[in-house]
Each structure stands twice: as C-alpha cells, then as structure tokens.
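Let me begin by presenting the structure, written as structure tokens, before commenting on it.
The values are calculated or read from the model by the stated rules, or taken from the named source; none is laboratory data. Note that the structure is predicted; figures quoted are calculated from it, not measured. Here the Cβ is made from the backbone with ideal geometry for all residues, glycine too, and neighbour counts use every protein chain on show. Ligands, DNA and RNA are excluded from the accessible area calculation, which covers all protein heavy atoms including side chains. Shrake-Rupley method; radii C 1.70, N 1.55, O 1.52, S 1.80 Å.
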2 protein chains.
Amino acid sequence: MKLSEIGEQGLLQILQSFCPSEIIGDDAAVFTTQPHQSLVVTTDVLVDNVHFSENTTSAFDTGWRSVAANLSDLAAMGATPLAITVGLGLPGDTEVNWVENLYQGMSSCLQPYQTPIVGGDVVRSPTKTIAITALGQVHPQQTIYRHTAQVDDAIVVTGVHGASRAGLELLLHPEQGLNLTASSQQKLKLAHQRPQPRLDVIPILKDIFKLNDSPFRVAGMDSSDGLADAVLQICRASGVGAIIHSTQIPIPDVFPTWLSPTKALEYALYGGEDFELVLCLPLPIATQLTAQINHAAIIGCIQVEPQVHLISDNKEIPSQTLTLNQGFQHF
Amino acid sequence: MKLSEIGEQGLLQILQSFCPSEIIGDDAAVFTTQPHQSLVVTTDVLVDNVHFSENTTSAFDTGWRSVAANLSDLAAMGATPLAITVGLGLPGDTEVNWVENLYQGMSSCLQPYQTPIVGGDVVRSPTKTIAITALGQVHPQQTIYRHTAQVDDAIVVTGVHGASRAGLELLLHPEQGLNLTASSQQKLKLAHQRPQPRLDVIPILKDIFKLNDSPFRVAGMDSSDGLADAVLQICRASGVGAIIHSTQIPIPDVFPTWLSPTKALEYALYGGEDFELVLCLPLPIATQLTAQINHAAIIGCIQVEPQVHLISDNKEIPSQTLTLNQGFQHF
C-alpha cells in the first residue's frame, strides 16, 4: 500500500501509535523538564540518496541511524535525552510499510533511553527527507564543550574506531569479507547499521568526578565525522594541540589480520560514523573511566603546540601532522 | 553565486551570522529555560512547489511565513518562544542570495520576540526543503489545549479572517483587485506574505485572568487551517458543539463592497493561514479580551449538542451545520 492511497490523515494515525497518546492532537507538544538544567537541542536533515539509500540501508536501519546520530550529539554535550521530533517529506508512492519500518527503527533506538517521539510533521515531497530534532538536558556545570580542552589533558576514546567504515565496505563489497567469519562480518555490519550513541558514558563520567570529589571538567565531541576530525576540531576550538599514538587507538579485533596497518589506521582515523565520544580530561579521571568502559582507551594527550601529531610505531606508516580537510598521507 | 561554488562550510559561515555567537561550534546548542515551566515543541516541514513557490513568494517571505507558522503554534498553546532550529535541504544550484534572504525573513519575524536561531543543519538535496522546530515554554497551569472547551464558553477570534486567502488571490490574479485601492490590495497581500503570530495575545490573556482573580482556563488553537476547521477541531477534542454567528466573524473592511457575501464568508471560514487564535473561555473574560484587542470578537459559544451550527442572517447563505473534511455548502 502506498501513501497516496491512505492520505496524510491515514499516515498520521499510523505514526501516532509511535507517540505517547497524551501529547497528540494539539498545535504543539508539551512536556516537563527538570529545573536548573540547560536545554540542549540538535537538528539533522537526511536526504534520500545523499544520506541513506535503500540499496545499503533498510528503512528500519535508516530510522535507527538517524536517531542514533542525534542522540550521539546529545551525549557529546554531556546531556541526557528528553524527546525528539520527526519531520518527514515523502513522495506519494512511498510504501506505507517503509514509513512504519522507519518509525520502528527510530523507536527501537530510542527505547533504552525511554525517550519519546513528541511530534512532527509529514508532508508531500518529491524527495524522501527526514528532519530530526533531538532535545536533551544537562546541568550547566556538567556540559561538555569542544573549546575547554587543557594542556596535559588525557584524550580518551570510548570505543573502537573504524568498525562502521569496515561494515559499510562489507555491505557494498561482500567479497572483501571472504577471510572473515560470518560473525565477524555481522559485527562490523551492525556497527554501521545500528550504531550505539554513547549516552551510557555520561553517568559513569559524572560518578567518577563525584567519587574523586573533583569538579566536572571534560572537553569533547563525538567522532561522527571521524576520529582525526574530532581531535582536530577540539584542538582548534581550545587553541591547543595534541599527540596521538596510533597503536593506542582501539580498533576491531579482526583488523590486524584482515587489513594492512595503513588501511586499518585509515579506517580508524577517517572512517567516521563510529559515534564514539572523544573526551579530554584530567589523567586520573581518564584512567578510571577507561577501566570502567570496554574498549575505551587513552590515545594521547593535549599539548601547548597547536599541531596534532600522530606518532606511529609501525614502519609502514610515517609519523605525521594531521590537518583538517586533508585525509591520511599514504607517504 | 551558487551554493555549489561556496560549499557547505562557506554557507555555514554565512548562516552563523544569524545565530548568537556563543552557541556556535558544538555538537548541539545549549540554552537556559525558566524553572517550573513546561517545554513546548512544534515542527513544520516546508517543501518547494508544495508549500512555497518562487512565483508567489520571495525567499524573505518564505522565511517569514515558515517562522510565523511555528510561532503561531506556540501561541496556540499559550507558550512564549525560546528558540528555533532550522534544517535546510538545498540543491547545489540554489543562489546563496536566496538562502540569505530566507534567513533575513526568518530573523525579521523572530526579532520582536527576541527569539534566536540556535542551530540547524544544511544538507544537499534535489528539493528545496525547510524544516523548522520551534521551542517555547509555558506555565503548566496556563497551557492552552484543544480538549478543554466547556459548555457556555464564549468563542473568541483574535482578528479578521479571510485576509490571507484574499491576499493570495490578489497575488495569483492581480486583475481581481481592480476595484480596490492600492493600499487595500497591499494590506491583503501582506496578510498572506507576512502573517503575524498572535504571541501578543498571551500576556494580555494572563493579565485579565489575574485581574479577575480567576484561575486561567482557556481552550483553543490557531486558525492556520481555517476558522471552521479550528472550531470543529476544538469541539471534537472537547466533546462539545458550538453555535457560530456568521455576522460576528470579523472580516477585512473591503470584503462587503468587494466580494459577494458567500465568497466573503467562504474566505473567512475556509481560507486558512490567518494565524489568529480561536479561544474558548468564560464570557466575562472574553468581553474584556475583545475590548483590548483590535478586531477581536466573540463569534459564538460552546453548546452541549456536538454539532457546529453556523447561524446566518443573510438570505444568500443558508444556516448550516459545519463538518470536517467538507467545505462550504453553496446551496
């Protein structure tokens, strides 16, 4: 069945089953926030054949990924999610089933965080378009910004990098996975199809500062545009530089036997969409944090000198200075 | 100059000049809200050649109207605006100038309410798409819902109806304005091009309840989809009916000499996009409210019987029962 057959009102009735019933039917949604918290808001627009494609991504996964990206932006600010709104532009010949699967994917990603879809809009458009706005809240003194990294801060990543890029490669070119077990392949593909926003890291981080009786002080962002980009953006915003040790970057288990060291590091630094957090914080806190989070690691530290240096222990890869708008130097 | 010539980064730099500088550069925007207020959120998606067209609407007016519609949704809930986010999908051959004018229109509409654009996203898309999310706040006890209208409530409209529809007619068919003065034509066109969200009504309403030492009790919505639709939606949500007197509906000064009574009432009831408020409230409050607001009027009252009856004093127009999904009965 196509949208044109059930009309806007028919579709809205279906989509309302994904929203809390008490907020339906008014000009806007109303919900409560905790007092003395700042409001955090982030918006993403995703366009068919630009940001998603039916060839590589199911409607369910498109919904999951678009929500995950927005929740990751909230985690990157240290915030906890409150609600999302969804604006859809859809051609009349879109299958109703596609839209239901999209919403199921969004709901599944939101479910662990008990975050409701509080509203939105569905309109006719020649191009499938998804506009998501995520709202969160954060205590003003516990907000994570990019511009507050300090010299000698440890740089922590909350998980492996390169998995999403490798998963995309396997989805596009299945023959590249011949040397991998089915379960390894599945794990990498899922890293691409169902990324997990690292909202779980935020309460752990707050607890560690509290246990240490230390004022919260974390700079950071997420690694949605790649790990190298995240370190460079934080350094630029904070007016500092960094040293990164390539061997310290956590990568998927199968990378060393499956990929060349160059390719593995390229995926880890520039692959993007791993949706991990890249955090700069005092070393004692960093060591406690990495002890509590699987695959988290200290990958380097902040320095006065404004460059970001990659130190390589591998003869195949030269140590080098990373720059924005420039990929990996293959010699 | 086209977007493809300056790239996403170039465009973002231009658009950031429309945002408060302190909120730029992180994964999400952070801002403060007042304690003990509920958060109100509304989202609209507008698509080229569906909701706007370069033939009838300048980029400035497209920006103005898209913000006005969202602010009107906040006013309809009794809320005051906090911030908006803007998600844009744009083809590469879009003129940079068009985007700047769009943002100027949005900023001009926001300016009286000191409401910032706190973020957004700009992506490549084959179809020009504007997704706006407006955030507001309201005291929980002063929220306006559709479902709380009570029998014997007076029904108030905050201004004239039909002007936006008439203005659109003049923009599409200028020859229809031959009997009107230039200033009358301009006034109607502006009603369509630069509608004013009725946020000004909310503090007046609160003050009147306070002066009367009476608990705030208002049901309502805006008339963006037409006055008839608003009355019907409120009645349906509240499980009540209404009597509307056609002669009490405020219409533009020029309608009686310019349009037939049937056409004038059709524009007023079904024209849409006047963005006035339709409010149901106790009669003593209603009379004080209409006394303080130009062109506001009591147009009828809420009744037990679940129909919405239109009482006509004009022989050309039969008294009739209004229904959803059905326009005006021309006999």
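For segment A:246-303, the C-alpha radius of gyration sits at 1.22 times the compact-globule guess of 2.2 N^0.38 Å, with N the residue count. Applying 1/(1 + (r/R0)^6) with R0 = 60 Å to the Cβ-Cβ distance of residue B:211 and residue A:194 gives a FRET efficiency near 0.60. Stretching residue B:150 away from residue B:324 to a fully extended chain increases their span by 60.6 nm, per 0.36 nm per residue minus the current alpha-carbon distance.
Label point of residue B:283 (7 Å along Cα→beta-carbon): distances to the other copies' equivalent points are 8.0 nm, sorted ascending.
Averaged over the residues of A:19-26, the number of partner chain Cβ atoms lying within 10 Å of the residue Cβ comes to 3.
Between residue A:95 and residue A:141, the distance separating the two model label sites (each 7 Å from Cα on the Cα→Cβ line) works out to 5.4 nm. Summed over all non-identical Cα pairs, the Kirkwood treatment of segment B:110-229 gives a radius of 18.1 Å.
Taking the longest Cα principal axis of chain B as reference, the axis of helix B:227-238 is set at about 80 degrees.
Take every DSSP beta bridge whose two residues both sit in the protein assembly as shown; close to 75 percent of them are antiparallel.
Projected onto the charge dipole of segment B:3-141 (+1 at Lys/Arg Cβ, -1 at Asp/Glu Cβ, origin at the Cα centre), which of B:24, B:6, B:41 gives the Cα projection farthest towards the positive end? The listed residue farthest towards the positive side: B:41.
In units of the rule-of-thumb radius 2.2 N^0.38 Å, segment A:3-139 shows an alpha carbon radius of gyration of 1.04.
Shown for segment A:125-216: the carbon plus sulfur share of the solvent-accessible area, taken with all protein chains present and a 1.4 angstrom probe, equals 51%.
Divide the volume of the convex hull around the Cα atoms of the protein assembly as shown by the residue count and you get 165 Å³ per residue.
Stokes-Einstein diffusion for segment A:154-322 at 10 °C, viscosity 1.306 mPa s, with a Kirkwood radius from C-alpha pairs, works out to 97 µm²/s.
Remark: chain A carries a charge dipole of roughly 540 debye about the Cα centre, counting +1 on each Lys and Arg Cβ and -1 on each Asp and Glu Cβ.
Other residues lying with their Cβ under 15 Å from the Cβ of residue B:8 contribute a combined charge of -4, Lys and Arg counting +1, Asp and Glu -1. The distance from the alpha carbon centre of segment A:1-46 to that of segment B:8-75 is 18 Å, rounded to a whole number. The mean accessible area for residues of segment B:154-322, using a 1.4 Å probe and ignoring ligands and nucleic acids, is 42 Å² per residue. Taking all Cα pairs closer than 8 Å and separated by 6 or more residues, the relative contact order of chain B comes to 22 percent.
Counting only other chains, and only Cβ atoms inside 10 Å, what mean value do you get across the residues of A:113-121? Mean number of neighbouring Cβ atoms from other chains: 3.
Helix A:3-16 and the longest principal axis of the Cα set of chain A meet at an angle near 70°.
Within 10 Å of the Cβ of each residue in A:44-50, the mean number of Cβ atoms contributed by other protein chains is 6.
When you count the other C-beta atoms within 10 angstrom of each residue and take the mean per peptide, B:248-261, A:35-48 line up highest first as A:35-48, B:248-261. When restricted to Cα atoms, chain B yields an Rg and a Dmax of 20.9, 64 Å, respectively. Principal-axis analysis of the Cα atoms of chain A puts helix A:163-172 at an angle of about 60° to the longest axis. Spin-label model, residue B:6 to residue A:262: label points 7 Å out along the Cα-to-beta-carbon direction sit 3.9 nm apart. Summary: within chain A, the longest segment free of GluC sites (Glu not before Pro) located in DSSP loops with at most 15 other C-beta atoms within 10 Å is A:55-315.
Summed over both chains, the accessible area lost when B and A associate is about 3800 Å², using a 1.4 Å probe.
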